[in-house]
Each structure stands twice: as C-alpha cells, then as structure tokens.
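The values are calculated or read from the model by the stated rules, or taken from the named source; none is laboratory data. Here the structure is a predicted model, which means the values were calculated and not measured. Ideal geometry is used to build each Cβ from the backbone, glycine not excepted, and the neighbour counts take in all protein chains shown. Protein only, heavy atoms only, side chains kept; ligands, DNA and RNA dropped before computing areas. Shrake-Rupley method; radii C 1.70, N 1.55, O 1.52, S 1.80 Å.
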Amino acid sequence: MTTTLATPPVDDLDHAEKRWTTMAWIAGFTLALAVTIVVATGSGPVSVPPSTVARIVGHHLLGWPGVVDWTRAEDSIVWQVRTPRVLLGASVGAALAVSGVVLQTIIRNALADPHILGVTSGASTGAAVCLLFGSTVSASAAALTSSAFLGAMIATALLFVVARINGRMTSLRLLLGGVTIGYIFSAATSFLIFASDSPEGARAVLFWLLGSLSSAAWSSVAVTTTVVFAFLGALFVMGTRFDALSVGDDTALTLGFSPVRLRVGALGIVALGVGAVVAVSGAIGFVGLIIPHVARLCVGSTHRKLIPVSALIGAIFLVAADVVARTAFAPRELPLGIVTAVVGAPLLLVLIRRMRGVDA
C-alpha cells in the first residue's frame, strides 16, 4: 500500500502575491511622499537644504536636535510658511484624488471628478460673495473659508433635490444634476464678478477660482487634515461596497447593499470632504480626474487598495505642482489650477491612448 502526500492547495488568484505588491506600492508612495514634502518645504526663492528642513521640523515636533544651527529666518520660512502650505497641499491632493475614485464608481463615468458634482462651483460662488461684497473684516481667511464651505453645502443640497425628482437617485440623475448645478453656480459667480465695481476683488476671485495654497496656516492645516483623515477612513471602510456597486446595482442588491443608500451616503461624504478642501484651496482641477486612473494602473480597481494609493499619489502630485506654482515665476505665484491642467491634460491624453482598445 502506497501513501501519497496531499498536494497543498494552490492559490490560483495569487492573493498573497497581490497583497505584497499592493503593500510595496503603498510603501513606495509613502516614502516618495515623505521625500517630496521635505524637498518641497526647502524649495522656493530662499532655498533651504533638505537636511536643514528635517532638523527644523524635528526640533519643533520632537525637540531634536537640541542645538540650533540654523538661522531664525530659515526657521520662520520652513516652520511658519512652507510646512503648513505643504501639508495642506498633501491633504487637499489626497482628498480630491479619492473623491474622484468614489465619484467614478457611483456615477459610473470615467470622467467624473469633484467638479462634476457642482460642489466646486458652489464653493466658488460662496467665496466670490465674500471677496466681492464682504467688508475688510468679513473678508478674512476664516470668513472666506466659511463662505466657500456654505456654498458647497448649498450646491450639495440642491443636487440631492434634483437627483431625486420624480424617482429614485441613479447614476444618470447624479451626473446630469451635478452638471446642471455646476453651470448654474458658474453663471452666478460670473454675474457677481460682472456686478462688482471692485477690480481688486474681481482679480482675487479669478485667482481663487484657479486654486492656491497661499492662505495656508497651521489653524487651517489642523482642521483640514482632521477632516481629510476622517473622510478617507469613512470611504475606506465602504470599499467592499464600492466594489459591489462598480459591478452593477443588481450585484450590490444581491450582496445586501442598497445602491441608492450607498450613493446617497457616499455622495454626502464626498461633498463634505470636497467642500472642506475647496474652501481652503480654491478650485483645483484634474487631480480628481487623472489620479484615480493612474492608481488603477498600479493596483487595479479593488477600492481598499485603490483608495490609499490614490490618496498618496494625489498628495505627491499636488505638493509637487505647488512647488512649480510658487517657483516658476517667482516672486509672482502661478495659480495652482494652471499647473495641474498643464500636467493633467497631456497625462489624460496618454491614458486615453492606453484605453484605445476599450469600448466606451
């Protein structure tokens, strides 16, 4: 009688290999983000070496090194001016990128991004009201942020109303409702600029509409970063539901998920997150459109992989774009939206070429 040894089961889906590949991507992008933050913090009209940047940040956060061998000017530039700006850029980039991931899933449109909701347009109108018609006191950074966030929430509320008229909320209703509301608020912003007799205010609105991180401060960084981490965590937890919804509404129902409730919940979370970051950075395009496709090329379409990778790539992209915006024409600052468009448009063409064999 011969004894045969049982053959160990083979993992046909290569789950372990895929898991390690994903962890490698996450680790690599995390390291790249850390390097980008240090380099970006030291970049500007006054250059600060990365080693000095690391020592200044370490001194403020950990009290190390104890011996200060840098100038007071370098300390102020790195800690008070550039570090808040870089961290805010990372938070905004991560939020916009993940928003694009979720919107492309719930709306089922590869071109969906935060602008398609009308949330960005609503925030722009709120900011325009504050910049054009607010007094010197009321036009402070806090008032501008509050006005932009209020405009974003009004646009979101209108989207919910429009998308549910005479029926349940569907992908098509969300898409058409978001485009319609976006046009309405864009027209309102243009009218406000036309009706204002303040050339300075009009220039400020136009600059804000193209995006900027120039108003970054530690107070805004603390609030925005907290909101973004909560935003990312909530969407990550919903990752498996997004996977089911991306296959189809029937699949989601079979697995016990209500597509309508999932869309409403995800849309509400995205609107809050986008409203919070747009309120402090202005309208920045292409991040939510391009980054999700880049991330899918790296780790596929599983959302629990896609969300963290998209957040990291989005943070790296926006921090790097901000360096270009504030150094390319120094001492003048280039609107951030121009930089993201210049980089994003060619990248979108490259992605389209890669998708040439895929039917619409």
Checked segment 93-121 for anything assigned to a helix (DSSP H, G or I) and either without any contact (Cβ under 8 Å) to a residue 12 or more places away in the chain or among the β-branched types (V, I, T) (or both); matches are V98, V101, V102, T105, I106, I116, V119, T120
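Regarding segment 70-92, can at least one residue be identified that is modelled with pLDDT of 85 or more, on the phi < 0 side of the Ramachandran plot and outside any helix (DSSP H, G or I)?
So far as segment 70-92 goes, yes, one or more of its residues are modelled with pLDDT of 85 or more, on the phi < 0 side of the Ramachandran plot and outside any helix (DSSP H, G or I).
Conditions tested, residue by residue: (1) open to solvent by less than 30 Å² (accessible area, probe 1.4 Å); (2) modelled with pLDDT of 95 or more; (3) over 17 Å from the mean Cα position of the chain (by Cα).
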residue: A94; (1), (2), (3): yes, yes, no
residue: V98; (1), (2), (3): yes, yes, no
residue: I107; (1), (2), (3): yes, no, yes
residue: V119; (1), (2), (3): yes, no, no
residue: G122; (1), (2), (3): yes, no, no
residue: G126; (1), (2), (3): yes, no, yes
residue: T136; (1), (2), (3): no, no, yes
residue: F149; (1), (2), (3): no, no, no
residue: F160; (1), (2), (3): no, no, yes
Does segment 70-108 hold any residues that are within 19 Å of G273 (Cβ to Cβ) and among the polar types (S, T, N, Q), and which are they? S91, S99, Q104, T105
Near pairs, Cβ below 6 angstrom, 6+ apart or cross-chain, from segment 250-279 (outside any helix (DSSP H, G or I)) to any residue that is at pLDDT 90 or above: L255/A244; F257/R241; F257/A244
Considering each of V161, V223, V205 in turn, give the residue that is assigned to a helix (DSSP H, G or I) and within 19 Å of S99 (Cα to Cα). V223
For segment 309-332, name all the residues that are open to solvent by 60 Å² or more (accessible area, probe 1.4 Å) and in contact (Cβ under 8 Å) with a residue 24 or more places away in the chain. P331
Return yes or no: is S246 within 23 Å of A325 (Cα to Cα), open to solvent by 40 Å² or more (accessible area, probe 1.4 Å), modelled with pLDDT of 85 or more and not basic (K, R)? no
Taking S196 and the conditions (1) over 25 Å from the mean Cα position of the chain (by Cα); (2) free of Cβ contacts under 8 Å to residues at least 12 places away in the same chain; (3) surrounded by 14 or more Cβ atoms within 10 Å (Cβ to Cβ), which numbered condition does it fall short on, given that it satisfies the others? (2)
Tell me, which residue of segment 57-91 that is among the β-branched types (V, I, T) and either closer than 29 Å to V309 by Cα or surrounded by fewer than 21 Cβ atoms within 10 Å (Cβ to Cβ) (or both) is farthest from the chain's Cα centre (by Cα)? V67
